[in-house]
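Novice: Attaching a single structure in structure tokens format; questions to follow.
Values in this text are rule-based calculations from the coordinates and carry no lab data. Keep in mind it's a predicted model, so treat the numbers as computed, not measured. FYI the Cβ positions are ideal-geometry reconstructions off the backbone, even for glycines, and counts take in every protein chain you see.
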Amino acid sequence: MSIKADHWIRKMAKEHKMIDPFVDAIKRNGKVSYGLSSYGYDLRVATEFKIFTNVHSAVVDPKKFDERSFVDVKGVNSVLIPPNSFALTRSIEYLKIPRSVLGLCIGKSTYARCGIIVNVTPLQPEFEGYIVIEISNTTPLPAKVYAHEGIAEIVFFEADEECEKSYKDLLGKYSNQKTIGLPKV
């Protein structure tokens, strides 16, 4: 596998609709940057969030997740994540990962320097959908996250051969997600 540069990402976005909408260059203008970078693509945050709360004293159980553990927030330009808590959001970009490609998503340094950690699982070959993004506030203070701005960078790797079994072949449980999906087993 080798890391792929911006010209390859641009080509894959146009020919295979790998990233939609696709922003062809880094955009800043007083915002956390997003768009095509040298060796990856910086995703943006949508305007919908699920903010973790412990109002109901629920147990966090990935096999039986209690939806009351989140407060839904929609249509906002920013959100405050409580101290030592987290929120889920999704990317603005819809992704269609080709069968020979793997994507690794890494949080942006602008947020990391504020104690805000971004977690996204690997983007498996033939994954399709919006990316669900977990944003952890590791600080003792509320943390602000901005919708329509950058949150994480995807670095793409292309294999010399297609994988034997893709996410689609394995009937991946988070395929074609259109909203912020909660844990499934």
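Novice: Trypsin sites (Lys or Arg not before Pro) within segment 80-181: which are DSSP loop residues with at most 12 other Cβ atoms inside 10 Å? Walk me through the numbers on the way to the answer.
Specialist: Values: sites: 90, 96, 99, 108, 113, 144, 165, 168, 173, 178; in loops: 99, 108, 113, 165, 168, 173, 178.
Within segment 80-181, the qualifying trypsin sites (Lys or Arg not before Pro) (loop, at most 12 other Cβ atoms within 10 Å) are 113, 165, 173, 178.
Novice: Also, I was wondering about something else. Read phi for every residue in segment 91-107 and hand back ³J(HN,Hα) as whole Hz from Karplus 6.51 cos²θ - 1.76 cosθ + 1.60, θ = phi - 60°, with x for Gly and Pro.
Specialist: 6, 6, 7, 9, 10, 10, 7, x, 5, 9, 10, 10, x, 10, 10, 10, x
Novice: Work out the charge dipole of the chain with +1 on the Cβ of Lys and Arg and -1 on the Cβ of Asp and Glu about the Cα centre, then indicate which of 100, 183, 141 is farthest towards its positive end.
Specialist: The residue sitting farthest along the positive end of the dipole is 141.
Novice: What distance in nm separates the two pseudo spin-label positions at residue 104 and residue 5, each 7 Å out from Cα along the beta-carbon direction?
Specialist: Rounded to a tenth, the inter-label distance reads 2.0 nm.
Novice: Taking a quarter of the surface of the Cα convex hull of segment 107-185, what do you get in nm²? It would help to have the intermediate numbers written out before the result.
Specialist: On the way: hull surface 27.4 nm².
Hull-based average projected area comes out at 6.8 nm².
Novice: Something else: Assigning unit charges at the beta carbon (Lys, Arg +1; Asp, Glu -1) and nothing else, what dipole magnitude in debye, to the nearest 20, does the chain show about its Cα centre?
Specialist: On the way: 25 positive and 22 negative charges, 104 e Å.
With only Lys, Arg, Asp and Glu charged at Cβ, the dipole is about 500 debye.
Novice: Quick check of the Kirkwood formula: for segment 1-59, what is the inverse mean of 1/r over all pairs of different Cα atoms, in Å?
Specialist: It works out to 13.9 Å.
Novice: Choose one of 115, 85, 55: the residue whose Cα lies farthest towards the positive end of the charge dipole of segment 1-129 (beta-carbon charges +1 Lys, Arg; -1 Asp, Glu; about the Cα centre).
Specialist: Positive-most Cα among the choices belongs to 115.
Novice: Another one. Taking 37 °C and 0.692 mPa s as the conditions, I'd like the Stokes-Einstein D for segment 58-111 in µm²/s, using the Kirkwood hydrodynamic radius from alpha carbon pairs. Show your work: numbers first, answer last.
Specialist: Details: Rh = 15.0 Å.
In µm²/s, the coefficient rounds to 219.
Novice: For segment 1-81, give the magnitude of the charge dipole about the Cα centre (Cβ charges: +1 Lys/Arg, -1 Asp/Glu; no others), in debye to the nearest 20.
Specialist: With Lys and Arg at +1 and Asp and Glu at -1, about 220 debye.
Novice: Right, something else. Using a ≥ b ≥ c from the Cα gyration tensor of the chain (square roots of the eigenvalues), is it rounded, prolate or oblate, where a/c under 1.5 gives rounded and otherwise the larger of a/b and b/c decides, a/b for prolate? Provide the component values of the computation, followed by the final result.
Specialist: Working: a/c = 2.14, a/b = 1.34, b/c = 1.59.
It is oblate, given that a/c is not under 1.5 and a/b is not larger than b/c.
Novice: Restricting attention to segment 115-185, which GluC sites (Glu not before Pro) occupy a DSSP loop and are surrounded by at most 16 other Cβ atoms within 10 Å?
Specialist: Hits after loop and neighbour filter: 161, 162, 164.
Novice: If you line up the long axis of helix 6-16 against the longest principal axis of the chain, both from Cα atoms, how many degrees apart are they, to the nearest 10?
Specialist: Between helix and principal axis, roughly 90 degrees.
Novice: Can I ask one more? About its Cα centre, how strong a charge dipole does segment 127-178 have in debye, to the nearest 20, once Lys and Arg get +1 and Asp and Glu get -1 at the Cβ? Walk me through the numbers before you get to the answer.
Specialist: Values: 5 positive and 10 negative charges, 107 e Å.
In total the dipole reaches around 520 debye.
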